[in-house]
1. Would you check if there is a residue in segment 183-201 being touching a residue at least 12 places away in the same chain (Cβ under 8 Å), among the small types (G, A, S), within 23 Å of M298 (Cβ to Cβ) and crowded, with 18+ Cβ neighbours inside 10 Å?
2. Quick check on my filter: what residues within segment 185-233 are within 18 Å of M142 (Cβ to Cβ), touching a helix residue (DSSP H, G or I) at 6+ places or on another chain (Cβ under 8 Å) and charged (D, E, K, R)?
3. Do we find a residue being aromatic (F, W, Y), over 15 Å from L236 (Cβ atoms) and touching a residue at least 60 places away in the same chain (Cβ under 8 Å) anywhere in segment 148-169?
4. Are any residues in segment 187-214 over 20 Å from Y224 (Cβ atoms) and aliphatic (A, V, I, L, M), and if so, which ones?
5. Among the residues of segment 150-165, are any on the phi < 0 side of the Ramachandran plot and touching an Asp or Glu at 6+ places or on another chain (Cβ under 9 Å)?
6. Only one of E101, E109 is at pLDDT below 50 and part of a helix (DSSP H, G or I); which?
7. Would you be able to tell me the number of residues in segment 240-269 that are closer than 27 Å to L192 by Cβ and among the β-branched types (V, I, T)?
8. Scan segment 378-401 for residues that are outside any helix (DSSP H, G or I) and either polar (S, T, N, Q) or on the phi > 0 side of the Ramachandran plot (or both) and report the count.
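The values are calculated or read from the model by the stated rules, or taken from the named source; none is laboratory data. Since the structure is predicted, the reported quantities are computational estimates derived from the model, not experimental observations. So basically every Cβ, Gly included, is an ideal-geometry build from the backbone, and we count neighbours across all protein chains shown.
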Amino acid sequence: MAGYGYMNRGYTDDGNKKTYGENGYFDPVSRPTIFEAEGRKRPIIFYSPNPGLESYITTSTERIIEYGRLPSEPVKNYGYNNDKWRRPSSPIRDHPQRGEEFISNVQVEPNRGATRPASWAPQIVTTSLIQATVSKLGYGCMGLTSMYNSLVPEEDGIAMIKYAFSKGITFIDTSDIYGADNANEILVGKALKQLPREKIQLATKFGIVKLDHTQVVVNGSVQYVRSCCEASLKRLGVDYIDLYYVHRIDTSVPIEETMGELKKLAEEGKIKCIGLSKASPNTIRGAHAVHPITALQMEYSLLTRDIEEEIIPICRELGIAIVPYSPTAHGFFGGKAVVETVPTNSFMQLHPRFTGQNLEHNRIFYLRIKELAKKHSCTPVQLALAWILHQRDDMVPIPGE
């Protein structure tokens with residue numbers, strides 16, 4: 001069985017090929033742009049459905065994330081041969097029965113996807129970049145300030161973060177773009193005041209600028225990097241950020257310039273580690289040549305497999321951890337939008353996976369996953385998380401994103 005209606009394929013920053021943005025796809029030649037005050041053009045990300053087929057299942061072992069390891073030898077040429085660029089093909093299956101074969105063979109430890117006590121978090125192999133233990137499962141806070149559902153009351157959001165911490169989840173993920181007026185970072189900051197800061201690994205992001213409720217632009221300029229970091233520190237109420245991501249890649253600014261300023265922030269102690277999100281292979285290599293990249297955040301789940309062809313091999317070559325966002329496929333494995341209806345106030349109303357004929361096909365897939373989960377005494381969400389946690393020793397999924 002395969003999943004239908006995928007809208008997040010590819011990378012956002014390969015200037016010579018058609019690329020796919022956060023919420024759809026755009027062509028670098030014809031996509032709309034906006035001039036900022038400095039006169040540079042920046043791409044606008046916008047919605048556009050891109051149906052596809054994906055999903056097959058493999059098994060592996062449990063993981064320990066290795067933070068900040070340098071490549072085995074210096075990167076002399078981080079250029080990427082665009083002639084080799086292609087839309088990832090290996091995860092795309094046009095044989096529905098192929099997925100069923102993999103599903104029937106998957107081995108899942110009962111309740112493997114459930115949150116575990118703090119003692120379950122392994123000691124991480126570290127370098128001088130960061131000395132901290134990261135829970136195997138992180139918590140993505142995006143949904144707390146509306147996206148998948150209605151706005152969560154502040155006290156409930158704080159309670160949820162504290163509850164996750166009580167269950168051993170110490171890796172907390174947010175961004176300056178989540179929620180109106182930076183509401184997500186403000187909420188996380190209030191929760192942190194009630195938690196031991198030294199036991200939290202805090203990740204946030206910068207780089208996406210809202211134009212209105214439907215459009216955003218990307219900004220990776222040196223001045224913007226520093227101003228965003230300082231603003232996030234203030235909103236979060238902390239002295240440093242453990243992991244600071246470039247949320248989206250600004251193709252109008254060389255990645256070396258953006259990374260150069262991030263390196264300075266690291267040297268000043270304002271951030272401990274640097275990460276990327278939705279980056280292409282050549283950008284990953286270019287950024288890593290300036291300063292070691294600790295983690296790459298990309299969408300990855302049973303339904304979203306396109307990073308397996310190029311991105312995962314490059315990250316493992318360079319010792320970069322992978323932080324899968326939307327590990328439950330935007331709530332797909334939660335089942336509500338599949339077996340009932342998509343909430344009218346949810347962005348999933350715009351997602352091809354949850355609309356029309358795609359949803360009918362995906363409902364069949366979900367019911368088979370549900371049956372497999374029942375066989376292993378767990379929920380579909382636990383099964384989806386367990387599958388990622390069994391991939392290898394370099395992934396920390398963040399459900400909630």
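1. The answer is no, given that none of the residues of segment 183-201 is touching a residue at least 12 places away in the same chain (Cβ under 8 Å), among the small types (G, A, S), within 23 Å of M298 (Cβ to Cβ) and crowded, with 18+ Cβ neighbours inside 10 Å.
2. The answer is E185, K190.
3. Yes: one or more hits.
4. L187, V188, A191, L192, L195, I200, L202
5. No, segment 150-165 contains no residue that is on the phi < 0 side of the Ramachandran plot and touching an Asp or Glu at 6+ places or on another chain (Cβ under 9 Å).
6. From the options E101, E109, the qualifying one is E101.
7. Count: 3.
8. The total comes to 3.
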